[in-house]
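The values are calculated or read from the model by the stated rules, or taken from the named source; none is laboratory data. Worth saying up front: this structure is predicted, and the values here are computed from it rather than measured. Neighbour counts are summed over all protein chains in view; Cβ atoms, including those assigned to glycine, are modelled from backbone coordinates with ideal geometry.
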Amino acid sequence: MLQQPAKPDLIFTWGNPSRGDDALGPAMYELLQHEALDGVDLLTDFQLQIEHAIDLEGRERVLFVDASTSASAPFELARLQPEQDASYTTHAMSPQALLSVYRQINGCEPPPAWLLSIRGYEFGLGLPLSTAANRHLQAAFGHVLKLLDPARPADRDEHIVIPD
Amino acid sequence: MSSNLETAANPEKLERIVIEPLTRVEGHGKVTLLQDENLHIRQARLHIVEFRGFEKFIQGRPYWELPVLVQRLCGICPVSHHLAAAKATDMLVGATQLTPTAEKIRRLMHYGQTLQSHALHFFHLCSPDLLFGFDDEVRHRNIIGVIEDHPEIAKQGVLLRKYGQEVIRLTAGKRIHGTGAIPGGVNKSLNREEIDYLQKDIEQMVQWGQDAVELIKRIFFEQLDYHMAFASIDSNMMSMIGANGEFDIYHGGLRAKDADGSTIFDHVDYTGYRDYIREGVKNWSYMKFPFIESLGAEHGWYRVGPLARVNNCDYFSTPLAEQQRKLFMEAGHGRPVHASLAFHWARLIELLYCTEAIRELLLDPDISGTELVNKGALQACGIGVLEAPRGTLFHHYEIDDDGIVNKANLIVSTTNNNQAMNESIRQVSNNYLDGKQLTEPLLNQIEVAIRAYDPCLSCATHAMGKMPLEITLLNEKQEVVDRLEKRVTGEIQRTL
C-alpha cells in the first residue's frame with residue numbers, strides 16, 4: 001500500500017543532519033524509530049513546507065520537534081496556535097504558519113499541536129552534533145516518551161521549560 | 001555590459017542603506033545601496049554573506065557516498081544535487097551510457113523535483129507580488145493573502161507541490177535523503193502499483209499546469225509594458241540543450257546565446273566546461289562571479305534558469321509546453337525575452353512541461369525495467385551537469401586510487417546568476433529608487449527583482465529568518481541614522 005492511513009499521533013521533526021545541531025530534529029526521529037510506538041507516525045524533512053499541511057490531516061495530536069537557537073536548555077515545549085507569521089516568506093515555514101495554511105486550505109481547525117524546541121548552538125556545514133546538544137536531545141527524548149505514555153492524561157502541559 | 005552602479009567613485013561620501021536579510025529567498029543575503037545627499041543611488045550590490053565550504057565538506061569522502069551526501073548541501077533542492085552527483089559518479093565508474101530504465105527513472109525524479117520547486121516558487125513565494133502588486137499592503141502580500149483572495153490557486157499550489165514530492169518519494173525510495181540514483185544507474189524502478197498511484201492524478205496536474213500558465217500570462221499582459229521593463233537587463237544566456245536543440249533539463253550539451261540571440265557556443269560537452277566558463281571573485285561577496293571566458297569578465301556574465309532555458313531551446317518535445325513557448329517567444333519580437341519578471345512566465349511553462357513529461361514517462365514500460373546499473377573501469381575524474389530548477393548545476397570530482405574524493409568543484413545554479421541579479425537590482429535602483437525617499441514598497445521592488453531568479457543563497461539552517469527584513473541607513477561616517485524593520489507579523493516599524 002503506497003499511502004498508509006494516518007495514525008492518530010504525528011511527530012514531525014526537521015533539520016539538516018549535516019548542519020551541526022540542526023540535526024537535533026532528525027536525531028530525535030532516529031531515536032524514536034527504534035521505539036515501538038503504537039498509533040504514532042514519524043516524519044522528518046529538511047524543513048517545513050506548505051505541502052506538509054496535508055500530513056496533518058486526520059491527526060488527533062501533532063508534535064513538532066526542531067532545533068532552536070533561542071530556547072532555554074535543554075528544551076522547551078509549547079502549545080501552538082495557527083499564526084500568519086512571516087515565515088512563509090522564506091523557503092522554510094514555522095509550524096504556526098503551517099497550521100494556518102492547514103486551516104485555510106481545509107476550512108477547519110488543525111489538530112492540536114505542540115512544538116518541542118531543543119536548544120542547539122553550532123549549525124555549520126559538516127559539523128557534528130555538539131556535546132551539549134546531544135545531552136539536550138537525550139533529555140528531550142525522555143520527555144517525548146513520557147508524553148506518549150498512554151497512562152499519561154491527554155491534557156498535557158502547554159508550556160514546559162525544563163531547567164538544564 | 002556591467003552597469004556603472006557596481007562601484008561608486010567616492011563611497012565614503014555616500015549614505016548606505018542595507019536591506020538584510022532578504023525575504024522570500026533562501027539563505028543569507030543583503031542589499032546595500034549607497035545614496036548621496038540628493039537621494040541619488042550611486043552604488044547597488046547584492047552581497048552573499050555566508051561562506052558555505054561545500055568543497056571542504058565533500059573532500060575525503062568515498063565517491064560512492066556522494067549522491068546521498070550532497071543532498072545535505074541544500075534543503076531546498078536536494079534532488080538536484082543528488083542527480084548531479086550521480087551523473088558525476090556515473091563517469092567515475094565508467095558508466096558511459098545508462099540503461100533506459102535508469103535514465104528514465106532519474107528523469108522522472110528530476111521532473112518531480114522541478115515541478116515541486118516551481119510550484120512552491122510561483123504559488124507560495126512570488127504570486128503575492130504579481131497578484132496583488134508590489135505596493136500592496138505587506139501583510140496581505142503573502143501566501144495567506146493568496147489563499148484568502150484566490151483559495152483555489154493556493155490549494156492547487158499545495159497539491160502540485162505534493163504531487164512532485166510523491167514522484168520523488170517513489171523514484172528515490174524515500175521521502176527525503178533518497179538513495180534512488182547510485183553510481184552507474186538507479187537502485188529501483190517503479191512497480192505497477194506505484195505507476196497507477198501516480199497516474200491517478202497526473203491529468204489533473206497537467207490541467208493545473210495549463211491553468212498556471214494562463215494565469216501568469218493574464219497577469220503579465222495586464223501590464224505588459226511594466227512587466228517587460230521592470231528589472232529587465234540585456235544579457236547572455238546559458239543552458240543545457242538536447243541533441244536536436246530541444247528543451248532538456250537532465251542531459252545534453254551546453255548552449256550560450258548573446259543578448260540578440262546569436263550563438264556564442266553550442267552543444268558543448270559539459271565535461272569540458274572549464275574551457276568555456278571561468279569563475280571571477282570580488283572582494284565584497286563570498287559568491288563567485290562566473291563568466292564566459294571568450295567574452296571576458298565584463299561582457300561574459302550570463303543568466304541561467306527558466307528564462308535562459310526557454311529562450312535558448314529550439315522547441316519543447318511536449319505539445320502544450322511547445323505551444324506556450326511559441327507565445328512566449330513572440331513577446332521578444334525576434335530577440336530573446338530579457339524581462340526579469342518573465343522568469344515567472346518561463347518557470348510555469350517549465351512546470352507545464354514537467355507535468356506532460358511525467359505523464360509520458362508513466363506510460364513508458366522502461367520505467368518498470370529490471371536492468372538498473374551499468375559500470376566500467378574506474379576513472380579519476382567525474383563531472384555531472386544538469387539543469388536544476390534555478391539553473392545549470394555543475395558537480396566536478398576527482399578521486400584517488402582508493403576512491404576518495406581529493407578535489408571537488410561545484411558551481412551551483414544561483415552562482416551562475418550572481419552578476420545578473422546584481423545588474424537587475426541596479427536597473428531597479430536606477431529606474432524606481434533614484435531621487436526618491438526610500439519606503440518599504442520601493443525597497444520591496446528590489447526584492448521582487450531578486451525573487452524573480454528564485455535564488456537559493458544558502459542551506460537550511462536556523463540562522464535564517466529571525467528578522468525578515470531590516471533596512472539600515474548609514475551616513476558617510478558609517479553612523480546609523482535610520483532603521484526600518486519588518487517584524488515577523490509583517491508589521492513595519494521605524495526603530496531608531
| note | Within the range A:6-27, restricting to residues that are part of a loop (DSSP other than H, G, I, E, B) and surrounded by fewer than 24 Cβ atoms within 10 Å (Cβ to Cβ), the one that is farthest from the other protein chains (Cβ to nearest Cβ) is A:Pro8
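For the range B:77-88, check the following and say yes or no: at least one residue is modelled with pLDDT under 85 and within 12 Å of chain A (Cβ to nearest Cβ).
Initial filter on the range B:77-88 (modelled with pLDDT under 85): B:77.
Pick out the ones that are also within 12 Å of chain A (Cβ to nearest Cβ) and you get B:77.
For the range B:77-88, residues modelled with pLDDT under 85 and within 12 Å of chain A (Cβ to nearest Cβ): present.
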| field | Among the candidates A:Leu99, A:Leu147, A:Leu115, residue that is within 14 Å of chain B (Cβ to nearest Cβ), at pLDDT 90 or above and part of a helix (DSSP H, G or I) | value | A:Leu99
| query | Which residues, taken from the range A:34-54, are without any contact (Cβ under 8 Å) to a residue 40 or more places away in the chain and within 13 Å of another protein chain (Cβ to nearest Cβ)? | reply | A:Asp41, A:Leu42, A:Leu43, A:Thr44, A:Asp45, A:Phe46, A:Glu51, A:Ile54
| Any idea which residue in the range B:56-68 is nearest to B:Gly382 (Cα to Cα), counting only those that are at pLDDT 95 or above and in contact with a Gly (Cβ under 6 Å, 6 or more places away or on another chain)? | B:Tyr63
| query | Of these, A:Glu57, A:Glu30, which one is within 30 Å of B:His150 (Cβ to Cβ), within 14 Å of another protein chain (Cβ to nearest Cβ) and among the acidic types (Asp, Glu)? | reply | A:Glu57
| message | Conditions first: (1) at pLDDT 80 or above; (2) away from every other protein chain (no Cβ under 14 Å). B:Gln71 passes all but one, so which condition is the exception? | response | (2)
| Does B:Ser317 satisfy being within 21 Å of the chain's Cα centre (by Cα), polar (S, T, N, Q) and outside any helix (DSSP H, G or I)? | no
| task | Out of B:Thr101, B:Thr114, report the one residue that is more than 17 Å from B:Asn374 (Cα to Cα) and at pLDDT 90 or above. | result | B:Thr114
